[in-house]
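Asks: Structure below; questions to follow.
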Amino acid sequence: MGDDVVLLDFWPSPFGMRVRIALKEKGIDYESKEENLSNKSSLLLKMNPVYKQIPVLIHNGKPVCESLIIVQYIDEVWKDKTPLLPSDPYERSHARFWADYVDKKIYSTGRLVWATKGEVQEAAKKEVIDHFKPLETELGDKTFFGGDQFGLVDIALIPFYSWFYALETCGNFSMIHECPKLVGWAKRCMERESVSTSLPDQYKVYDFILELKKKLDLD
Ligand SMILES: N[C@@H](CCC(=O)N[C@@H](CSO)C(=O)NCC(=O)O)C(=O)O
């Protein structure tokens, strides 16, 4: 009997996108269950009682939580397909370093760009650009962060491409001006079906942000 794979997800979540990409890179059939985060399902609360967050991968009834942990779990279980991490331990540590950097530096500061205004927003804009710059340098002239192989760092970061328009519009800046190499890299990633079929339209994400700002009385 084949594997039973279920993904508890939420369409605009960059963390959920990471897992969608990894599952598609490996050609794994899975059932996606969309969560309403304002009214979480009993399944989500049962499968991720600690954080009560998506994504959660449920593999043959067993939950795996935290997107980067899920992506690495997928790579370790479905070994027969293209690896998402290098085989060399040092190169693996390097990939994990930059995936962890993305987790620490991009989401929280990016959120401040659309969730604030005035001086706080201006400071957040400068900070998020400052946090993208080391990634621009790390990428350099490589095709992907791991060189020719699409992998963990690309999967960690590319979901935020679907938020670029929202960030640029709310923060009044231009990613192509600030980080041209990252924009070129993002377009290369979008040529992969695993990515283009996992990321929502940038304008749909922007509309979602505008709705969220209204709901949180942030506009
Ligand atoms: N470190 C985790 C973050 C998941 C997360 O923030 N999930 C959000 C949706 S995306 O912003 C979530 O589930 N929020 C609901 C809540 O926090 O109550 C990961 O990498 O999987």
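The values are calculated or read from the model by the stated rules, or taken from the named source; none is laboratory data. From a predicted model like this one, the values you see are computed outputs, not experimental measurements. Virtual Cβ from ideal backbone geometry, glycine too; neighbours counted across all protein chains shown.
Asks: Residue check: is residue 43 surrounded by 11 or more Cβ atoms within 10 Å (Cβ to Cβ), touching a Gly at 6+ places or on another chain (Cβ under 9 Å) and not small (Gly, Ala, Ser)?
Replies: Taking the combined requirement at face value, the residue does not satisfy it.
Asks: Restricting to segment 91-127, count the residues that are modelled with pLDDT of 95 or more and closer than 17 Å to residue 15 by Cβ.
Replies: 10
Asks: Let me ask another. Could you list all residues from segment 49-75 that are near the ligand (Cβ under 9 Å from one of its atoms) and either out of contact with any Cys (no Cβ under 7 Å at 6 or more places or on another chain) or of a type in the set (A, V, I, L, M, F, W, C) (or both)?
Replies: Those that are near the ligand (Cβ under 9 Å from one of its atoms) and either out of contact with any Cys (no Cβ under 7 Å at 6 or more places or on another chain) or of a type in the set (A, V, I, L, M, F, W, C) (or both): 52, 53, 54, 55, 56, 65, 66, 67, 68, 69, 70.
Asks: I'm checking my understanding of the structure. Among residues of segment 23-40 that are more than 12 Å from the ligand (Cβ to nearest atom) and of a type in the set (Gly, Ala, Ser), which one is surrounded by the most Cβ atoms within 10 Å (Cβ to Cβ)?
Replies: Taking the candidates together, the pick is 32.
Listed here are the residues, each with its yes/no results for (1) surrounded by fewer than 24 Cβ atoms within 10 Å (Cβ to Cβ); (2) over 20 Å from residue 124 (Cβ atoms).
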site	(1), (2)
146	yes, yes
154	no, yes
159	no, no
172	yes, no
180	yes, yes
184	yes, yes
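Asks: Does residue 19 count as in contact with an Asp or Glu (Cβ under 8 Å, 6 or more places away or on another chain), of a type in the set (A, V, I, L, M), outside any strand (DSSP E or B) and within 10 Å of the ligand (Cβ to nearest atom)?
Replies: Yes.
Asks: Pick out the one residue from 164, 160, 132 that is without any contact (Cβ under 8 Å) to a residue 40 or more places away in the chain and under 15 Å from the mean Cα position of the chain (by Cα).
Replies: Just a single option satisfies the conditions, and that option is 164.
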